[in-house]
């Protein structure tokens with residue numbers, strides 16, 4: 001999914017150039033994003049192995065099919081290769097890879113237990129996939145950065161809404177985390193989540209209005225917007241259903257970006 005996000009961002013940024021002059025740097029960037037995600041997932045398993053003994057006993061570290069040193073070596077290798085691929089894509093991508101790796105480590109090491117800061121980090125990481133595509137094809141003309149920046153902002157806002165909604169769903173079990181719902185309550189946190197989703201819906205008109213995406217974007221994004229609005233209304237009352245609908249809406253929004261880039 002990370003690689004697909006970069007590919008879609010590349011199509012939005014340069015159109016047909018994504019399979020022309022920009023194809024090679026975008027391939028490097030997509031591969032770097034995929035490997036960074038692999039490293040981040042392994043990092044998560046390293047930090048969560050005690051919890052996984054109860055919740056996910058079949059995972060490799062807990063089951064003993066992979067040792068801790070092997071997992072650490074895998075994580076470091078993924079980030080190093082991702083950095084090399086990022087450098088091959090562009091110097092700007094080389095900067096983003098270690099920044100994102102550092103944020104992933106900070107998230108696992110402590111930010112995820114602090115609630116809102118962790119939510120913001122995850123939202124940035126999701127949005128950065130589109131920025132990564134823009135920086136991969138940036139050659140002086142700011143247009144690719146502007147267009148992918150708009151998509152990154154939309155992804156950031158909707159991800160913030162979903163992450164807070166997930167925290168509302170997990171309030172009972174999050175006894176060791178200072179999440180936003182545990183700090184201010186489910187209903188106020190639901191309003192914050194709804195606000196983030198609502199802003200995403202309001203700003204979803206910008207790519208079409210500004211000419212960043214074509215006519216096919218509009219009908220598809222309307223479907224995603226309807227789903228986001230539903231999720232916003234039920235973020236506190238039905239957080240499980242709300243975050244699930246938000247997840248599907250994000251996939252529909254990705255399709256809308258793709259349709260708008262191609263048509």
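Footprinting exposure proxy ranking of 105, 248, fewest other C-beta atoms within 10 angstrom first, gives 248, 105. First check a/c for the range 1-140, with a ≥ b ≥ c the square roots of the eigenvalues of its C-alpha gyration tensor; if it is under 1.5, answer rounded, and if not, answer prolate when a/b is larger than b/c or oblate otherwise. Because a/c hits 1.5 or more and a/b exceeds b/c, the range 1-140 counts as prolate.
Residue order for 2, 240, 22, fewest other beta carbons within 10 angstrom first, comes to 240, 2, 22. Let me make sure I get this right: for the range 199-259, a, b and c are the square roots of the gyration tensor eigenvalues over alpha carbons, sorted descending. Under 1.5 in a/c it's rounded, otherwise prolate if a/b > b/c, else oblate. Which is it? Prolate shape, in that a/c is at least 1.5 and a/b is the bigger ratio.
Most tightly packed first, judged by the mean number of other beta-carbon atoms within 10 Å of their residues, the peptides 219-232, 3-16, 63-76 read 3-16, 219-232, 63-76. Placing dummy labels 7 Å off each Cα toward the beta-carbon, the span from residue 70 to residue 87 is 2.9 nm. The ranking of 1, 171 from fewest to most other beta carbons within 10 Å of each one's beta carbon is 1, 171. Peptide packing: for 82-95, 156-169, the average count of neighbouring Cβ atoms within 10 Å per residue gives the ranking 156-169, 82-95, highest mean first.
Computed from the C-beta positions of residue 49 and residue 95 and an R0 of 22 Å, the FRET efficiency is 0.10 to the nearest 0.05. The Cα center of the range 158-210 and the Cα center of the range 65-104 differ in position by 29 Å. Estimated purely from DSSP H runs of n ≥ 4, each contributing -39500 (n - 2.57), the mean residue ellipticity at 222 nm for the chain is -26000 deg cm²/dmol once divided by its residues.
Just so you know, all these numbers are worked out from the coordinates, no wet-lab data involved. Keep in mind that this is a model prediction, so the values were computed, not measured. Cβ: placed from backbone, ideal geometry, glycine included. Neighbour counts: every protein chain shown.
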